[in-house]
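Below is one structure; the comments refer to it alone.
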Amino acid sequence: MKSTIEPTRGREEWSFSRSSIKAAVGFAANYGLAIIFVLVLVVFAILRPTTFLTAGNVGNLLTSQSVTALLAFAVMMPLTTGRFDMSVGYHVGLAQVLTVGLQVNSGLPWLAVALIVILIGTFVGAVNGLLVTRLRIDAFIATMGIGSLLYGISNWYTNGEQIPGFDLPESFTALSSSVWHVPLPAIYVLVIGVVLWVVLERLPVGRGLYVIGSNARAAELSGISVANSVTGAFITSGILSSLAGVLLSSILRSGTPSVGPEYLLPAFASSLLGATSIRPGRVNVVGTLLAILILAFSFSGVQQMGAAFYVEYIFNGAILVIAVALSVYAASRRRRAAVAQR
């Protein structure tokens, strides 16, 4: 009797051990970014206790990263369908100079200017979508070309010079202020993030975008209009880029044509790094926000440790490469799991 029970017990213990390890690996894969974010906060709070987690530093980070967050959302939307939008950095630059220029040079009220800029963003997104879906131009090439065109328009409009915003109305500059020590830009990002989360995770249109990204042919056979959905994703990207430009002009209080492209790399890095957690293998809102917070607070901590200014570019470039590698691995792991369950 003893020899019969012990092997059985051993197999049960081994099975329990394997299931525990598998559960731990799954938890780390799903919530790895959240764990890393907590570790970043703890480590730098210990190393720089008087400066890192102060209200001023946290508020500045949330305000400055709000533009990156909106652009990361803009990048994320076409990525759900497997398409790149390389125009977002140049788009935010154009939106920013128009927002300041139309107020300072043309005397238009800022609400009218914001509406004009958003309409332009909608048009740019629609053009990107039509180039990709109707003319069958590769998304990377099409959006890069549009981005270069937007950059040229920005420099033409400003003559390559900065537009100072000395006369901007207080109601406009207040868009980037704080309420009860909470930066308003962070609230905008949170509200937009919740809306996008509901669309992508709870509505059929969002699930359709993910289906297109996984298998466009299967999406067509299930009745999803691939062309319309992809175009809609690019239009959403254009609107978000415009909103980011309006917010950026309120933060900087000037129009600078060269300021937009520098946001492209962090936006892509955040969106792709976010695809490695929460919903491993696909871009998602919560993962993107966590990635932005990790990058922002990590670099802030490194700066406070005395790192040189150029470390930011090395940091963002390395993170982008790592993020792409991890997101590809997560996507392949997700596909293998889906096949195994059939």
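Any read-out appearing in this document is the output of simple, stated calculations on the displayed coordinates, not a laboratory observation. Computed from a predicted structure; not experimentally measured. Neighbour counts run over all protein chains shown; Cβ positions are idealised from the backbone, glycine included.
Would you compute the Debye intensity of region 180-263 from its alpha-carbon atoms alone, equal scatterers and no solvent, and pass along log10 I(q)/I(0) at q = 0.12, 0.16 Å⁻¹ to two decimals? The Debye formula, applied to the Cα set alone, gives -0.52, -0.77. Structure remark: mean-square fluctuation, Gaussian network model of the chain, C-alpha springs under 10 Å; the largest value among Ala139, Ala244, Ala318 belongs to Ala318. Using only Cα atoms and rounding to the nearest 10 degrees, what angle (0 to 90) does helix 184-202 make with the longest principal axis of the chain? Helix 184-202 and the main axis of the chain meet at about 50 degrees. Neighbour counting of Cβ atoms within 10 Å sorts the residues Glu170, Glu312, Glu220, fewest neighbours leading, into Glu170, Glu220, Glu312. Of the residues Gly145, Phe73, Val104, the one whose Cα sits farthest towards the positive end of the charge dipole of the chain is Phe73 (charges of +1 on Lys and Arg Cβ, -1 on Asp and Glu Cβ, taken about the Cα centre).
Helical content alone sets the calculated 222 nm signal of the chain at -26500 deg cm²/dmol, taking -39,500 (n - 2.57) per DSSP H segment of four or more residues and averaging over every residue. Rounded to the nearest 20 debye, the dipole magnitude of the chain is 1560 debye, with +1 charges on Lys and Arg beta carbons, -1 on Asp and Glu beta carbons, and the Cα centre as origin. Taking Cα atoms only, the orientation of helix 139-158 departs from the longest principal axis of the chain by about 30 degrees.
Just so you know, the Rg over Rh for region 85-193 is 1.03, from Cα atoms, with Rh as the Kirkwood radius. Between helix 285-304 and the chain there is an angle of about 70 degrees, using the helix long axis and the longest principal axis of the Cα atoms.
Exposure proxy for Asp85, Asp138, Asp167: other Cβ atoms within 10 Å of each Cβ, ordered fewest to most, give Asp167, Asp138, Asp85. Across Val179, Val113, Val189, mean-square fluctuation computed from a Gaussian network of the chain (C-alpha pairs under 10 Å connected) peaks at Val179. Note on Val198, Val104: ascending count of other Cβ atoms within 10 Å places them as Val198, Val104, the fewest first. If you run the Gaussian network model on the chain, springs between alpha carbon atoms under 10 Å, then out of Ser229, Ser87, Ser237 the most flexible one is Ser229. In the calculated pair distance distribution of region 222-330, what percentage of Cα-Cα distances lie above 20 Å? The calculated P(r) of region 222-330 puts 54 percent of pairs beyond 20 Å.
Work out how much length Glu170 to Val311 would gain on full extension: take 0.36 nm times their residue separation and subtract the Cα-Cα distance, in nm to one decimal.
Residue separation times 0.36 nm, minus the Cα-Cα distance, leaves 47.2 nm.
Considering only chymotrypsin sites (Phe, Trp or Tyr not before Pro) in DSSP loops that have at most 10 other Cβ atoms within 10 Å, the longest stretch of the chain without any of them is 1-165.
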